[in-house]
Amino acid sequence: LLGARPGQGKTLLGLSLAAAAGRVARKGFFFTLDYTVRDVTDRLAHLGADATALHLDTSDGICADYVMTQVSQTHAAVAVIDYMQLLDQKRSHPSLQSQVATLRTFAKQSGAIFVLISQIDRRFDLRDDTVPGLADVRLPNPLDLALFDQACFLHDGQLAFRTPS
């Protein structure tokens, strides 16, 4: 889980992870339900990364099943999904809880690494905390955050890791 408020760098960090996958003998994927191809290629250029270094997907059909189908065609993958809260926006897709549980099972079986970019609730801005935490993850639909092995949060140039339990 990679979470931050808008403008804190979560998409750039996610893109960096996907683009760097090739350096560790993995295929990088970036699935986005929020950005256009142009938005993503502009951000990759900002990073100095080549858009051909990863598989970029902006399909409106992105959900756990779709992602697993794409990722299963490669031996080892790092797949970034931008962003988690949109996975179940189509009523025909399973619940967010079901999709994240399915991705977790697939990751354990296949060795794929999934990074789900998450929004942080705006109430975080009203507090004096330096970095958000698990309680700040925006959850318009129920989700057991213990499905994640690790959580990384960004704010004002700071990075903090949390282990969901």
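The values are calculated or read from the model by the stated rules, or taken from the named source; none is laboratory data. Everything numeric here is computed off the predicted structure, so don't read it as measured data. FYI the Cβ positions are ideal-geometry reconstructions off the backbone, even for glycines, and counts take in every protein chain you see. Accessible surface areas use protein heavy atoms only, side chains included; no ligands, DNA or RNA. Shrake-Rupley method; radii C 1.70, N 1.55, O 1.52, S 1.80 Å.
Within the range 121-165, being open to solvent by 20 Å² or more (accessible area, probe 1.4 Å), under 17 Å from Arg5 (Cβ atoms) and in a loop (DSSP other than H, G, I, E, B) holds for Asp121, Arg127, Asp128, Asp129, Thr130, Arg138, Leu139, Pro140, Asp156, Gly157. Consider the range 87-108 and keep the residues that are more than 20 Å from Pro164 (Cβ to Cβ) and not hydroxyl-bearing (Ser, Thr, Tyr). The one that is most open to solvent (accessible area, probe 1.4 Å) is Arg91.
The rows are residues; the columns are (1) of a type outside the set (Gly, Ala, Ser); (2) over 15 Å from Leu13 (Cα atoms); (3) under 15 Å from the mean Cα position of the chain (by Cα).
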| residue | (1), (2), (3) |
| --- | --- |
| Gly61 | no, yes, no |
| Val71 | yes, yes, yes |
| Thr74 | yes, yes, no |
| Ser95 | no, yes, no |
| Ala112 | no, yes, yes |
